[in-house]
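Student: Sharing a structure below in structure tokens format, with a few things to ask.
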Amino acid sequence: MIKRRKMVRAFTGEPLAPDVADRLLRAANRAPSAGFSQGYSFLVLAGMEQAAPLWEIFSADAGSAPDREAEERAEIAALSTAPLVIVPLACKDVYLERYAEGDKGWTDRDESRWPVPYWYIDTGFTALLVLLAVVDEGLGAVFFGIQPQIMADFRTRFGVPEKWTPIGAIAIGHPDPGADPVAPAPASDRKSLAELVHRGRWLRPGGS
């Protein structure tokens, strides 16, 4: 499954079986979370009608960057045929409140206690489980970002409260490799373990 996972950026538009979305969401809900806080939620856009406002937001933003407008519009058009979009959202408050409970030993909601924002890490785990479950379903998917300049419009269009932050979105469907506007990176471009791994201590000169 892991070796077969790759990002797919174009879809045939063929509808998914009715229970696929629920199976993907059940897989996502098996993610680990700090303190079993589960401070994540999912906005599910099933079908082109529900997802249309999302692509409208992206299209409007593409028009604001003339140097990349044609390229971005081609990418949006390829993505917009996906019959399912899942948006994982994280809530910091859930974690701050959970760790202020008696069994955790903290008596306040001080965000500085957290060495890294686990609300984003845990929600990222859910996104990865969706991507892996998609492979099990024989489908394709791509994770893409929701940029700050469109966040207000996104919240307004979909009624997302301020305390919930989308970490990105996942478009899912039957792959259409011939329509993908982005050429896949060659497997040989993936960094080797020798470049990535530091065994015992960080040994490279200059701390790189």
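The values are calculated or read from the model by the stated rules, or taken from the named source; none is laboratory data. Predicted, not measured: the structure shown is a model, and the values here were computed from it. Note that each Cβ is placed from the backbone with ideal geometry, even for glycine, and that neighbours are counted across all protein chains shown. Ligands, DNA and RNA are stripped out before the accessible areas are found, and what is left, the full protein with its side chains, is counted by its heavy atoms. Shrake-Rupley method; radii C 1.70, N 1.55, O 1.52, S 1.80 Å.
Student: Can you give me the orientation-averaged projected area of the convex hull built on the Cα atoms of the stretch 94-152, in nm²?
Tutor: 6.4 nm²
Student: Now, a different point. For the stretch 1-145, what relative contact order do you get, as a whole percent, if you take Cα pairs closer than 8 Å and at least 6 residues apart?
Tutor: Averaging sequence separation for qualifying contacts and normalising by length gives 42 percent for the stretch 1-145.
Student: Do any trypsin sites (Lys or Arg not before Pro) in the stretch 27-89 lie in a loop, going by DSSP, with at most 15 other beta-carbon atoms within 10 Å of their beta carbon, and if so which?
Tutor: Within the stretch 27-89, the qualifying trypsin sites (Lys or Arg not before Pro) (loop, at most 15 other Cβ atoms within 10 Å) are ARG30.
Student: Give me the accessible area per residue for the chain, probe 1.4 Å, as a whole number in Å².
Tutor: Ligands and nucleic acids excluded, the figure is 58 Å² per residue.
Student: Can you list which of the trypsin sites (Lys or Arg not before Pro) found in the stretch 103-155 are DSSP loop residues with at most 16 other C-beta atoms within 10 Å?
Tutor: Of the trypsin sites (Lys or Arg not before Pro), the ones in loops of the stretch 103-155 whose Cβ has at most 16 other Cβ atoms within 10 Å are ARG109.
Student: Still on this structure: For ASP19 and ARG113, compute 0.36 nm times the residue count separating them, minus their Cα-Cα distance, and round to one decimal in nm.
Tutor: Length difference between fully extended and current span is 29.8 nm.
Student: Right, here's the next one. For the stretch 38-147, which chymotrypsin sites (Phe, Trp or Tyr not before Pro) are both in a DSSP coil and crowded by at most 14 other Cβ atoms within 10 Å?
Tutor: TRP106
Student: Identify which of the listed values of volume of the Cα convex hull per residue in Å³ was calculated from the structure shown: (1) 132; (2) 152; (3) 182.
Tutor: Checked against the structure: label (3).
Student: Modelled label-to-label distance, ARG68 and ALA46, 7 Å Cα→beta-carbon offset: nm?
Tutor: Output for this residue pair reads 3.3 nm.
Student: If you add up the charges near ARG98, with Lys and Arg at +1 and Asp and Glu at -1, over every other residue whose beta carbon is less than 15 angstrom from its beta carbon, what do you get?
Tutor: Charge balance near ARG98 sits at -3.
Student: Per the Kirkwood formula on distinct C-alpha pairs, the Rh of the stretch 39-80 is how many angstrom?
Tutor: 11.3 Å is the Kirkwood radius here.
Student: Using +1 on the beta carbon of Lys and Arg, -1 on that of Asp and Glu, and nothing else charged, what's the dipole of the chain about the Cα centre, debye to 20?
Tutor: With only Lys, Arg, Asp and Glu charged at Cβ, the dipole is about 980 debye.
Student: Longest span of the chain, sites excluded, free of GluC sites (Glu not before Pro) in DSSP loop with at most 12 other C-beta atoms within 10 Å?
Tutor: 1-100
Student: Follow-up question, since we're still on this one. For the stretch 1-124, what number results from the quotient of the Cα radius of gyration and 2.2 N^0.38 Å?
Tutor: Normalised Rg, Cα atoms only: 1.37.
Student: When all alpha-carbon pairs of the stretch 85-204 are counted, what percent fall beyond 22 Å?
Tutor: The answer is 58 percent, as a whole percent.
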